[in-house]
Amino acid sequence: MIVTRRALLVGGAATVAATGIGGYAVLRGRDSGLSWAEGRLTSAHWPGRGVAWRLARPDPARVPSPRLVLALHGRGGNAGDAFDGLRLQDQVERLGIAIASVDGGERYWHPRKGDDTGALVIEDLLPEVRRHGIPAGPIGLVGWSMGGYGALWLRARYGPTVVGAVAAMSAALWTSPGASAAGAFDDREDFLAHDVFARTTDLARMPVSLACGTSDPFIAANRALAAKLPHAMTTFDAGGHDDGYWRPHGIRALEWCAAALAS
């Protein structure tokens, strides 16, 4: 476990006190009771690099077994976006949940030629987080843009025993291969093999939340997916494809996941 100055600054002005549980340092002060861990992992799913990850959780002495939500960033982002950008850590103590994130570059969280950042999330990051005192059990997934697509895909891929709830904000979705953004898929075959619209039967078997701004370029595709998932909770309201939309809706997504995981 590594606690860096960056982590301390994200947590606000604080002093550090070791908890002795899972190797954490508890930040006391403005974010009293919030614990941080971060590091790098190596993975055969994304060879040749050290992949940064971060974890925020309630003080283990107060919430020893929090449910876990994994946050998946947008294209070109990194593990810090969930915290430095959207400040999801502000909800950790209130909701009694842990939040983890990991670098995903621009790989769209699905199998590609030479890597699979989606498998990295579930098969590498999740065991690492478990070693830091997070109990076993189904997780929640919250993602925005590329991460929204990734959250939906990973739920369809791994099923309800691994993913108990998924909240996608402004999911990067396309209804045909030719409409997809350059670099999102390797080729037409890659798109068809990992098309979320082809997995709606799987997605219909679990809690799903969709949110998208009405000025977002992905609004039409998100509405199209919602039409295939009539059970999903949907929020299509004013906003664009940016942090200004994702910050408040990220709070709602975490609240929704926490409630779904507790039910």
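The values are calculated or read from the model by the stated rules, or taken from the named source; none is laboratory data. Given the structure is predicted, the values throughout are model-derived calculations rather than measurements. No Cβ is skipped: glycine too gets one built from the backbone with ideal geometry, and neighbour counts run over all protein chains shown.
The table that follows gives values for the structure above.
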| item | result |
| --- | --- |
| Residues (out of contact with any Leu (no Cβ under 7 Å at 6 or more places or on another chain), of a type in the set (A, V, I, L, M) and either without any contact (Cβ under 8 Å) to a residue 12 or more places away in the chain or under 19 Å from Asp243 (Cα atoms) (or both)) located in segment 49-95 | Ala79, Leu86 |
| Residues (under 11 Å from Met146 (Cα atoms) and out of contact with any helix residue (DSSP H, G or I) (no Cβ under 7 Å at 6 or more places or on another chain)) located in segment 160-193 | Ala181, Ala184 |
| Which listed residue, of Leu225, Leu192, Leu210, is under 19 Å from the mean Cα position of the chain (by Cα) and either within 28 Å of Gly105 (Cβ to Cβ) or aromatic (Phe, Trp, Tyr) (or both) | Leu210 |
| Answer residue from segment 21-80, given it is buried (at least 16 other Cβ atoms within 10 Å of the Cβ) and among the polar types (S, T, N, Q) and is modelled with the lowest pLDDT among those | Ser35 |
| Index of the failed condition, Trp246 passing every other in (1) within 30 Å of Ser65 (Cα to Cα); (2) surrounded by fewer than 15 Cβ atoms within 10 Å (Cβ to Cβ) | (2) |
| Any hit, segment 117-135, residues being among the small types (Gly, Ala, Ser) and closer than 21 Å to Ile219 by Cβ | no |
| Tally, over segment 56-68, of residues that are out of contact with any helix residue (DSSP H, G or I) (no Cβ under 6 Å at 6 or more places or on another chain) and either within 9 Å of Glu38 (Cα to Cα) or part of a strand (DSSP E or B) (or both) | 2 |
| Leu88 being over 22 Å from Leu173 (Cβ atoms) and modelled with pLDDT of 95 or more | yes |
| Single residue of Arg247, Arg252, Arg155 found to be under 26 Å from Gln89 (Cβ atoms), among the charged types (D, E, K, R) and touching a Leu at 6+ places or on another chain (Cβ under 6 Å) | Arg247 |
| Failed condition for Trp46, given (1) touching a residue at least 60 places away in the same chain (Cβ under 8 Å); (2) under 28 Å from Ala204 (Cα atoms); (3) not in a strand (DSSP E or B) | (2) |
| Segment 126-163, residues that are of a type in the set (Phe, Trp, Tyr), in contact with a strand residue (DSSP E or B) (Cβ under 9 Å, 6 or more places away or on another chain) and either surrounded by fewer than 22 Cβ atoms within 10 Å (Cβ to Cβ) or over 23 Å from Gly114 (Cβ atoms) (or both) | Trp144 |
| Helices (runs of 4 or more DSSP H) (entirely within segment 73-172) containing at least 3 residues that are under 16 Å from Phe185 (Cα atoms) | 146-158 |
| Any hit, segment 164-182, residues being at pLDDT below 95, out of contact with any strand residue (DSSP E or B) (no Cβ under 9 Å at 6 or more places or on another chain) and at negative phi | no |
| Helices (runs of 4 or more DSSP H) completely within segment 184-238 that count 3 or more residues being surrounded by 18 or more Cβ atoms within 10 Å (Cβ to Cβ) | 219-228 |
